[in-house]
Amino acid sequence: MSEFVFKQFTVKQQQSAMKIGTDSVLLGCLAEVEHAQQILDIGTGTGLLALMCAQRSDAIIDAVEIDEQAATEARFNFNASKWNNRLNIHHQSLQNYTQTCTHLYDVIISNPPYFVKHNNFSIDDEQRSKARHDADLPLNDLAQYAYQLLKEDGSFWLILPTQEAQLFASYAKESRLFLKQQIELLPKNNKPVNRVIQQWYKQETTIVKSRFVIYELNGEPTLAYKKIAQAFYTGKQFQL
């Protein structure tokens, strides 16, 4: 599907390696962004998370994307939206962006590349491999630069598989980030947790933990999923 139509915006996804998936939609729905004035989306891809944040807030949103084709597509999607005056695409690495950025963010959000890449790993689709693996944005860099770009009372939200979430937690600790909220995602009630949404903070605080089940045993979206996504999805779009 080269185009995905949401209720208030459309996402062209022909050039981006990573297509729209449940991970980004859940993060875009569950992250607390409503009162933010400035938001940063790290590794925006098609621009989906930035667009969801634009719908849910009045914030100015910067989106960083290292891949040229994805950045071009995100720019197209931003310009086609009714929030184009609040959405900015930056085609560069997070590392370079951090060096030139002159302000801090209330909220940083990311569905980052999450498989730790080994030297013996190979895949035919180089662009998709680059988007899925952390060679250009290691998790330790993500923690370090998120800390640098975050306001003192700001929040960093991201989604990762369980193993990578544990690894990121060790890097976050080194970067003086503290876990504030963790949402464990279960595909179904009879399946183990396979994704984790985390909210990180610059100050130590009480950790709130919860679980979120995405689908019923029959494959239908749960009532909880329908409730959080109803502002975005049309009726036929719950099965991605």
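The values are calculated or read from the model by the stated rules, or taken from the named source; none is laboratory data. Computed from a predicted structure; not experimentally measured. Cβ atoms come from the backbone with ideal geometry, glycine included; neighbour counts cover every protein chain shown.
A few notes on this one:
- Boolean, Gln199 is buried (at least 19 other Cβ atoms within 10 Å of the Cβ), part of a strand (DSSP E or B) and at pLDDT 95 or above: yes
- Within region 84-102, residues that are assigned to a loop (DSSP other than H, G, I, E, B) sit with their Cβ atoms under 7 Å from residues that are charged (D, E, K, R), at 6+ positions apart or across chains, in these pairs: His91/Glu65; His91/Glu68; Ser93/Asp136.
- Residue match in region 75-90 (condition: in contact with an Asp or Glu (Cβ under 7 Å, 6 or more places away or on another chain) and buried (at least 19 other Cβ atoms within 10 Å of the Cβ)): yes
- Evaluated against (1) closer than 15 Å to Thr22 by Cα; (2) exposed (fewer than 13 other Cβ atoms within 10 Å of the Cβ); (3) modelled with pLDDT of 95 or more, Gly219 falls short on exactly one condition, (3).
- Identity of the residue in region 5-28, surrounded by fewer than 19 Cβ atoms within 10 Å (Cβ to Cβ) and over 14 Å from Pro112 (Cα atoms), that ends up modelled with the lowest pLDDT: Gln15
- Among the residues making up region 161-182, a single one is part of a loop (DSSP other than H, G, I, E, B) and either β-branched (Val, Ile, Thr) or at positive phi (or both): Arg176.
- Residue, farthest from Val196 (Cα to Cα), within region 29-41, restricted to residues that are surrounded by fewer than 24 Cβ atoms within 10 Å (Cβ to Cβ) and in contact with a helix residue (DSSP H, G or I) (Cβ under 7 Å, 6 or more places away or on another chain): Glu34
- Cβ separations smaller than 7 Å between residues 6+ apart or across chains give the following pairs from region 178-194 residues that are aromatic (Phe, Trp, Tyr) to residues that are part of a strand (DSSP E or B): Phe178/Trp200; Phe178/Tyr201.
- Taking the listed residues Ala36, Ala50, the one that is in a loop (DSSP other than H, G, I, E, B), touching a residue at least 24 places away in the same chain (Cβ under 8 Å) and either polar (S, T, N, Q) or closer than 22 Å to Asp153 by Cβ (or both) is Ala36, with no other qualifying.
- Filter result for the condition that a residue is touching a Lys or Arg at 6+ places or on another chain (Cβ under 8 Å) and in a loop (DSSP other than H, G, I, E, B), over Leu217, Leu185: Leu217
- Pairs, first more than 15 Å from Lys19 (Cα to Cα) in region 70-83, second among the hydroxyl-bearing types (Ser, Thr, Tyr), C-beta under 7 Å, six or more apart: Ala80/Thr10
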